[in-house]
Amino acid sequence: MLALSRDCNIPVHFVHGTKVVAGRDGQLAAALAEVLVKGLSQERVRRLFAMLPCDTPALRDLPPGWTRVLPPDAPLTVLERWEQAFARTAASEWPDGIDRSQTVLDVLRLLAKGPAAADEAGETLLSGVALRLWRRALDDGRAQALPVTLTRLRCDDGLEPATHVVFASAMALASAPRPYVRLLALNTGRWPRGISEDRLIPDHVMPVERLDPLPIADADRRDFETIVAAARSVTASLSRRDVEGRLLGRSPLVAGMNEEIYLGRARIPDHAASESDRLLARPAEFATTPAGASGLACWRDWQDVDITPHDGLVGRAHPRLHKVFDSAKSATSLRMLLRDPIRFVWRYVLGWKQPDEADEPLTVDALAFGNLVHGVLRSAVEKLEDTKGFAAAGAAELEAAVKHALGEIAAEWEGEQPIPPAVIWHSTLERVSEMSLAALRHPLDPMPGQKSWTEIPFGALREVKRTNLPWDVARPVEIPGSGIAIQGQIDRLDLAGDGKRARVIDYKTGRLNKDMADVVIKGGSELQRCLYAFAVKTLIGQRVKVDASLLYPCAEEGEQALYPLHEVDEVLARLADALRIARESMTAGIAVPGEDADQYNDFAFALPASPSYLDRKREPAREQLGAAADIWDEA
């Protein structure tokens, strides 16, 4: 219910509301309650520390900007992970060059106790108004209910309720009637309210009147009559539909009211609350603004059967489109260039990026699982190479190396990455171990004097600290005739002692397709074998013979798991020609949706929601791309 003041011309104020979190003190108390009740997380702790005053005794030694030492993607949901994160942080990484981790950990150990330490946490971290609110909330209810109790506290805002607008329940309004009243939500079933729960004793055993002398519906009717009788003017409002679109009836309480006014949501309001409200109510005026004109043109272009600037036609020779090719490209980015030009622009020209998960997920997605397997393989192979060599290792040595590597990688992930609950996490690590062993045990012909590397970078633009690599990682690798330099990491390289034979293995941790034996570049989506083989030839020398293969460790026993690429030079020539055409098309300003626009598109939110959009634009887009789309038909 909304009761207006006795003088309707005064400014509107809401007093005696139900929320205490008005002002910084209330928000600080709510932030502390959230950490105690919901548990530690980097997001909650950051918010709490940012709101605590800098003169708080427990945080007196913390320098500004200390949170930069925290790993940005780690949720840090338990105290042990905070301790691991600080253990890996050197004193030089702190803003003042002094390790202040114990100051933070002392506070975190207090917060980790949960609601049981609510009294101690409040007295240690809060002061002034925030502390008084905290004490009142603990007096009103249990510590576990702090997030609810705090929101129900009332604070004196210094305004006189008798001369200001009051937002109150019908019961409170009936006890202090107002001359000008607006009653909200007078729909059937909402007011008067019925009995919300089933009665344990039916009427034929004992009438409800004897159990409840004043049923809730009768109390609502009595309050309504009191409010109306004491008011000079009453306005009642009700909705015609609920949030799910179902029709709603009117409350029987308003059946006798005389005048009805229907107010549509798209109506022109008598008084606009803001400029946006005013423009929304005046479509003709909004259409003359730059935003309105652009939005209307975009909508019309999306409905057009032809390709328009709103479908990815960019100005010819746009400097950003040229600049993006100045740096080396990965196989992933080149796949996007060939298969979905508009997504290539969004990701690599405009720099859009899908946000990382802040909280712990329920599962490990396919990309994270693949990264885990690759990390274990790298660590295990490096350990074996440092001893007797990977090629000469036996089954027991492989198992020991994988077990040791898995422990290191798991500990690193737990401190820096979001991980699922313990049961799922341990199950995932078991799968990682099985797949890593299957990858390392796959029978391959040994090479004389074989040396093996894993996760070898090439074309790197930043400094790489690894040593004993087979080439200079900063040396550029350019695909001939395309004007495109490439970079990446080769999953595994086996090199003969005389340097005349090399084997490139790209591990695939995903599902094995039954037609992989016929795949060459798969319409531009399978580029690693060809690009990595070319990189090895460029960096080691043209005299080396390179075998490039995909290896599926997840293949069932008896199934083919290794898929070599035949005629590497011929495939590279076709791929180089396709990349040259794609680059020319892109720099000419043709960045339209491609073949992969509706395949696992993490930027789908930027496309129209209409499912018919891509069907309508697919053929016109292919015509615009011309020869750049021919690679989609390649095997």
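The values are calculated or read from the model by the stated rules, or taken from the named source; none is laboratory data. Remember, it's a predicted structure, so these values are computed and weren't measured experimentally. No Cβ is skipped: glycine too gets one built from the backbone with ideal geometry, and neighbour counts run over all protein chains shown.
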Worksheet item: Looking at region 453-476, is at least one residue of a type in the set (Ser, Thr, Tyr) and surrounded by 17 or more Cβ atoms within 10 Å (Cβ to Cβ)?
Response: yes
Item to complete: Could you grab me the full set of residues in region 418-443 that are under 21 Å from ARG492 (Cα atoms), loosely packed, with under 15 Cβ neighbours inside 10 Å and touching a residue at least 40 places away in the same chain (Cβ under 8 Å)?
Response: ARG441
Worksheet item: Before we move on, is THR332 surrounded by fewer than 17 Cβ atoms within 10 Å (Cβ to Cβ), part of a helix (DSSP H, G or I) and among the β-branched types (Val, Ile, Thr)?
Response: yes
Discussion item. Every residue in region 104-130 that is part of a helix (DSSP H, G or I) and modelled with pLDDT under 90, please.
Written reply: GLY128, VAL129, ALA130
Fill in: Residue in region 154-167 that is buried (at least 17 other Cβ atoms within 10 Å of the Cβ) and of a type in the set (Lys, Arg) present
no
Practice prompt. Mind listing just one residue for me: the one in region 351-368 that is modelled with pLDDT of 75 or more and surrounded by fewer than 12 Cβ atoms within 10 Å (Cβ to Cβ) and, of those, farthest from ILE590 (Cα to Cα)?
Written response: LEU362
Practice prompt. Find the residue count for region 89-105, including only residues that are touching a helix residue (DSSP H, G or I) at 6+ places or on another chain (Cβ under 8 Å), of a type outside the set (Val, Ile, Thr) and surrounded by 13 or more Cβ atoms within 10 Å (Cβ to Cβ).
Written response: 6
Discussion item. Can you tell me how many residues within region 452-476 are out of contact with any Leu (no Cβ under 7 Å at 6 or more places or on another chain) and not small (Gly, Ala, Ser)?
Written reply: 14
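Within region 391-440, which residues are of a type in the set (Val, Ile, Thr) and outside any helix (DSSP H, G or I)?
Answer for region 391-440, where residues must be of a type in the set (Val, Ile, Thr) and outside any helix (DSSP H, G or I): just ILE419.
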Discussion item. Checking the condition modelled with pLDDT under 85 and more than 30 Å from VAL165 (Cα to Cα), which residue from ARG24, ARG46, ARG68, ARG60 passes?
Written reply: ARG60
Worksheet item: Counting only residues that are surrounded by 20 or more Cβ atoms within 10 Å (Cβ to Cβ) and out of contact with any His (no Cβ under 9 Å at 6 or more places or on another chain), which one in region 548-562 is farthest from ALA496 (Cα to Cα)?
Response: TYR552
Worksheet item: Of all residues in region 551-575, which are among the hydroxyl-bearing types (Ser, Thr, Tyr) and part of a loop (DSSP other than H, G, I, E, B)?
Response: TYR552
Worksheet, complete the sentence: Those residues of region 590-602 that are surrounded by fewer than 18 Cβ atoms within 10 Å (Cβ to Cβ), in contact with a Leu (Cβ under 9 Å, 6 or more places away or on another chain) and in contact (Cβ under 8 Å) with a residue 60 or more places away in the chain come to a total of 1
Worksheet entry | region 496-516, residues that are of a type in the set (A, V, I, L, M, F, W, C) and over 36 Å from the mean Cα position of the chain (by Cα) | ALA496, ALA502
Item to complete: Test ASP306 against the criterion of being at pLDDT 85 or above, touching a Ser or Thr at 6+ places or on another chain (Cβ under 6 Å) and of a type in the set (D, E, K, R), and give yes or no.
Response: no
Worksheet item: Scanning for something farther than 20 Å from TYR507 by Cβ and without any contact (Cβ under 8 Å) to a residue 60 or more places away in the chain, does region 406-417 turn up at least one residue?
Response: yes
Fill in: Single condition TRP302 does not satisfy, out of (1) surrounded by 14 or more Cβ atoms within 10 Å (Cβ to Cβ); (2) not in a helix (DSSP H, G or I)
(2)
Practice prompt. May I ask you to list the residues in region 219-263 that are under 40 Å from the mean Cα position of the chain (by Cα) and in contact (Cβ under 8 Å) with a residue 60 or more places away in the chain?
Written response: LEU248
Worksheet item: Among ALA517, ALA535, which is surrounded by fewer than 20 Cβ atoms within 10 Å (Cβ to Cβ) and outside any loop (DSSP other than H, G, I, E, B)?
Response: ALA517
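Yes/no matrix, rows are residues, columns are (1) more than 30 Å from LEU440 (Cα to Cα); (2) not assigned by TED's automatic domain parsing to the domain that holds LYS522:
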{"site": "PHE286", "(1), (2)": "yes, yes"}
{"site": "TRP302", "(1), (2)": "yes, yes"}
{"site": "ALA331", "(1), (2)": "no, no"}
{"site": "VAL345", "(1), (2)": "yes, no"}
{"site": "VAL376", "(1), (2)": "no, yes"}
{"site": "GLU382", "(1), (2)": "no, yes"}
